[in-house]
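Enquirer: Dropping the structure in here first, questions after.
No value in this document is a laboratory result; all are computed from the given coordinates. All of these numbers come straight from a predicted model, not from anything done at the bench. Methodologically, a virtual Cβ is constructed for each residue, glycine included, from the backbone with ideal geometry; neighbour enumeration extends over all protein chains shown.
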Amino acid sequence: MSSKWQAATLSSRRQFMKVAGAAGIAGLAGCTGSGGGSSDGTVTFWTPFAGGDGEAMKALVTQFNEEHDSIQIERQRQPFDEYYDKLFTSMTGSNAPDLAVFHTTEIQRFSDALQPLGGLLSDGTADAYVDSIWQETEFDGNRLALPLDTHPNGLYYNKDIFKEAGLDPESPPTTFEELKTAADTITAETDKQAFNPDPYLRFFVRQFIAWQHGRGGKFLTADNTEAAFGGADGVALAEFYHDIANEWDWDEVDATADRGTKAFRSGDLAMTINGTWYFGVLQQQDYDWGMTKPFVAPGQSEPQTWANSHTLGVPNTGQKQEAAAEAAEWLTQNSLLWGTDAGHLPAAQDVLDSSELRSATVWEKTLSTFSEMAQNGELSYMPSTENNENYKRPVNQAIAQIYSGQLDPEEGIKQAATDVTNNLQG
């Protein structure tokens, strides 16, 4: 490593340790996992991917290893729910991986421990990616990661249930009024659950933010120091979440984690909101399904859906930064399998425009719609702060209680806003 990069690494390291101390790193000490220390020529690569995503990334890494001799990637999958805590711990210790996956909304939390990639990238790298996604990987003038994809939410629906209810399976709802008509009909004409806005019942904040923007509101203030969702728009959405199960009987009054996705996969739920990754899951089901734009919340004046991006970043404590950057370039620019198998919208322009992708089943079923939303500026990324749990946890917990009838919608969302502001300012 050159003296230039050593100095940068030591400076960033000291700053990151200050952040770690402020965040209470001792509380994360129990989160351990295999880390760096790979042998020469082998790049350790941490990912949180399971299911269809995991299989697609496994295949992509295998392809890389088959095509390269001097560099090999050792993929190490970490549990999704523990991923960022484990990664945070590893990057403030001495066992960071050489390469790791970061959602764009998490990059700021790790910015002081990520190697700026400017001097490590090939000429013309900036032109290889969709510009709007590329811009999400720069912080304070530094390129901290390379974008692999964007993965928005869509409205998935079971065409067989639509037929059973007497609805047109090729005309899914596109507005709140159409959603209410379809869901009421399914509830009346079948024994199926009609609609669930978050099948995992623990990531409510994602679409809540997008729908808040769709009503013309804001989630946080411009400087990300205060909640801005405690007013009329936030209350209206909280009432929507409450009424789905508690007033309209479209779903069970139950916020048990993953209940919705189990119901949808088993053919017992007609409609749900989920991301690009659901394509691989649903290809394994034995019923006919479709996907459309999820602009179905009440009061939507602007069409907006949640989105995030997977990116690849290089910890600045590693000894294999050049090899890791080379691996990151290849993986993000040869990501056809990430689109065809995992179902995500590739960030590499050549892959996105390729005939191989556009003739694949995934393009017809989902990616053409996701691409259209991306091109139309209809994607809402969550704010990136030093610790996104400061706003995610209060909102997720409040809406879960509102959904299950344990908390008054107005009281719950206003308290969540107060808690978010206190967290951001504390």
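Enquirer: Please work out whether the range 148-192 counts as rounded, prolate or oblate from its C-alpha gyration tensor, where a ≥ b ≥ c are the square roots of the eigenvalues and a/c under 1.5 means rounded, while otherwise a/b larger than b/c means prolate and anything else oblate?
Expert: prolate
Enquirer: Note the angle between two axes, namely the Cα long axis of helix 389-403 and the longest principal axis of the Cα atoms of the chain, as a number of degrees from 0 to 90, rounded to the nearest 10.
Expert: Orientation of helix 389-403: about 20 degrees from the principal axis.
Enquirer: As a test, work out the antiparallel percent of DSSP beta bridges whose residues both lie in the chain, rounded to the nearest 5.
Expert: Just about 60 percent of them are antiparallel.
Enquirer: Just to be sure I understand the curve: with the Debye formula and one point per C-alpha of the range 219-321, what is log10 I(q)/I(0) at q = 0.16 Å⁻¹?
Expert: -0.99
Enquirer: Given bins 5 angstrom wide, list per bin the percent of all Cα-Cα distances in the range 306-426, short to long.
Expert: For the range 306-426, the binned pair fractions read 2, 9, 13, 13, 12, 13, 13, 12, 8, 4, 1 percent.
Enquirer: At a Cα cut-off below 22 Å, give the lysines reachable from Lys320, other chains included and same-chain residues fewer than 8 away excluded.
Expert: Straight-distance partners of Lys320: Lys4, Lys58, Lys86.
Enquirer: Evaluate the relative contact order of the chain (contact order divided by residue number), counting alpha-carbon pairs under 8 angstrom at least 6 apart; express in whole percent.
Expert: 25 percent
Enquirer: Can you give the angle from 0 to 90° between the axis of helix 176-189 and the longest principal axis of the chain, with both taken from C-alpha atoms, to the nearest 10?
Expert: Relative to the chain, helix 176-189 is tipped by roughly 60 degrees.
Enquirer: Given the Cα atoms of the range 117-186, and with Rh set as the inverse mean 1/r over their pairs in the Kirkwood sense, what is Rg to Rh to two decimals?
Expert: Result for the range 117-186 is an Rg/Rh of 1.34.
Enquirer: Mind checking which of Ile71, Gly426, Tyr156 is farthest towards the positive end of the chain's charge dipole, using Cβ charges of +1 (Lys, Arg) and -1 (Asp, Glu) about the Cα centre?
Expert: The residue sitting most towards the positive pole is Gly426.
Enquirer: If packing is taken as the average number of other Cβ atoms within 10 Å across a peptide's residues, how do 273-284, 127-138 rank, most packed first?
Expert: Packing order, densest peptide first, comes out as 273-284, 127-138.
Enquirer: Given all pairs of different Cα atoms, what value in angstroms does the Kirkwood hydrodynamic radius of the range 367-421 take?
Expert: With all distinct Cα pairs of the range 367-421 included, I get 13.1 Å.
Enquirer: Same structure again: So how far, in whole Å, is the C-alpha centre of the range 264-295 from the one of the range 234-254?
Expert: Using only Cα atoms to place each centre, the spacing works out to 21 Å.
Enquirer: For Ala100, which sequence-distant residues (separation of 5 or more, or a different chain) have an amide H within less than 5 Å of its own amide H, given hydrogens modelled in the peptide plane?
Expert: Those lying under 5 Å, H to H, from Ala100 are Trp46, Gly313.
Enquirer: Taking 0.36 nm per intervening residue step and subtracting the Cα-Cα distance, what contour gain separates Ser266 from Glu226 on full extension?
Expert: Additional length available on full extension: 10.3 nm.
Enquirer: With N denoting the number of residues in the range 56-202, provide Rg(C-alpha) divided by 2.2 N^0.38 Å, to two decimal places.
Expert: The reported ratio for this selection is 1.50.
Enquirer: Would you mind getting the Kirkwood hydrodynamic radius of the chain from its Cα pairs, rounded to one decimal in Å?
Expert: 22.4 Å
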